[in-house]
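Read the figures in this text as sums done on the coordinates, not as results from a lab. Since we're looking at a predicted model, the values are computed, not measured. Note: ideal-geometry Cβ built from the backbone for every residue, glycine included; neighbour counts use all protein chains shown.
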Amino acid sequence: MKRSKDIYDALPVGAQTVAVNAASARGWRQKYGRAFHAALARLARNERESRDQLLAEQRAALHALLRYAVAHVPFYQALGCPTDDLGAWPVLEKATVVAEPEKFVSDLHDRRRLIPAYTSGTTGTPLTLWMSGECYQTEMAFRWRHRAWGGTPFPSRGAYVAGHPVVPANQSRPPFWRVDSVEKRLLCSSYHLAPQNLGAYLDALRRYAPDFIHGYPSSLYLLAQAGGCQTKAVFTASETLLDFQRTAIETAFGVRVLDWYGNTEMTTNIVQCAAGNLHYRLDYGVLELLADGTMICTGLNNPAMPFIRYRVGDRAVAKPGNCPCGCAFPLIERVEGRVEDYIRTPDGRLVGRLDHLFKDVRHVREAQIVQRRPDEIVVRIVRADGYGDADEQTVRREARQRLGDVIGVRFEYVDAIERTAAGKFRFIVSELST
């Protein structure tokens, strides 16, 4: 029996568009019901509260969650941790959840009635989690509140260049997108962004004229290199936004990029405002930063399967002070990406944010840094027209300045950089055992 995706892929474009809209119509009430609108109003009010008010409300929500987890979640029932001291709870590792996910589901919820979500992250370890319908709608509200920060509130017209599998993988000619008239979305494939197709993507974006564009940084960077287009706002998510990508996207699309950090486990939310600062939303979760920046996160909005003191595998740096935008949520200087997204030097250093290697190079379409041995990195480059020895020497020099002479630098020239199964781009790939 054919899978539904195989059947979809075999349909003509018009029938695929009908299928996309039918699926969107079925999902509308699940996403945008009463809980969504109530949460949307609540989140907007929170953005006008003082820091002290927000912290007090977060503490109350946290203590209620801890009491609930000890009473109704089998894993936490067995631990018997104090409900008034989060720091006394152990750090939760992903492997623990993967081993017995059903132990994290509340006994007040029937798992058959919950909404599943799936993630593997960059570690490749699959994890299934479940959420209530109210939690799902609340999550949609957080996303639309961030879009409102860019001047495009619900239900603005959007174009999405992310992991939507709306186009068959073997399709070689446009259209590489499908129009969802129900949610007012242009759903663009992130799997077909070959150089010869970029012009067609931009033509489609200009014809659709979205209020905002949302996508993976790597996908929007490719479109920016091809010229970009005008829109009211650009939002990035799901990958670390690198400095050279931000510069190119903002220049080509003519607006500030507003970045979103979150995870499928729904444990923390860090969002960028129009003033350019990253805010950690206290109404989404509790964020603890260890001395090395490791993020330990507790989600506040999914009682069906709560994650308490969960190690998400990312690092961040806090920022003191307040934001001129007027929102009192605490500031984050930067999210540095996953622990795996670092180069390890033979002398024991972990070096991230190596996008600076390419800031002065004009003829690189894409690049990726791979470490397979402790004493060497491989710089994989998709060359643009005009690339030459001077560009290679610039990258080598920048690598030496950041990594020193203890590690070799080898270049590998490729036609394309592979994406993950979800269509995501990984700038640094470490194949070293941890």
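Considering only alpha-carbon pairs that sit under 8 angstrom and 6 or more positions apart, the relative contact order computed for region 343-430 is 35 percent. Counting Lys +1, Arg +1, Asp -1, Glu -1, what net charge surrounds W28 among other residues with beta carbon under 14 Å of its beta carbon? The answer is +4.
Applying a DSSP loop filter and a limit of 14 other Cβ atoms within 10 Å to the GluC sites (Glu not before Pro) in region 1-106 leaves E93. In a simple Cβ point-charge model (Lys, Arg +1; Asp, Glu -1; nothing else charged), the chain has a dipole of about 1200 debye relative to its Cα centre.
Less than 18 Å apart at the alpha-carbon level, and either on another chain or at least 8 residues along: which lysines does that give for K184? Of all the lysines, those that pass the test against K184 - Cα under 18 Å, at least 8 places apart if same chain - are K31, K232.
Its Cα centre serving as origin, region 343-430 has a Cβ charge dipole (Lys and Arg +1, Asp and Glu -1) of approximately 360 debye. Tell me the mean residue ellipticity at 222 nm calculated for the chain from its helices only (DSSP H runs of n ≥ 4, each -39500 (n - 2.57), averaged over every residue, nearest 500). After summing the helix terms and dividing by the residues of the chain, the value is -10000 deg cm²/dmol. Sites listed here are trypsin sites (Lys or Arg not before Pro) in region 1-69 whose DSSP assignment is loop and whose Cβ has at most 16 other Cβ atoms within 10 Å: K2, R3, R48.
Summing +1 for each Lys or Arg and -1 for each Asp or Glu, what net charge is found among the other residues whose Cβ lies under 13 Å from the Cβ of A328? Could the numbers behind the result be given before it?
Working: positive: R45, R48, R51, R281; negative: E47, E49, D52, E57, D283.
The answer is -1.
Sequence gap at least 6, Cα distance under 8 Å: using those rules, report the relative contact order of region 113-213 to the nearest whole percent.
It comes to 23 percent, rounded to a whole number.
The residues neighbouring V409, those whose beta-carbon lies less than 9 Å from its own, together hold a net charge of +2 under the Lys/Arg +1, Asp/Glu -1 convention. When you filter the chymotrypsin sites (Phe, Trp or Tyr not before Pro) in region 353-434 for DSSP loop state and at most 12 other Cβ atoms inside 10 Å of their Cβ, nothing is left. Summary value for the chain: 13 percent relative contact order, contacts being C-alpha pairs under 8 angstrom separated by 6+ residues.
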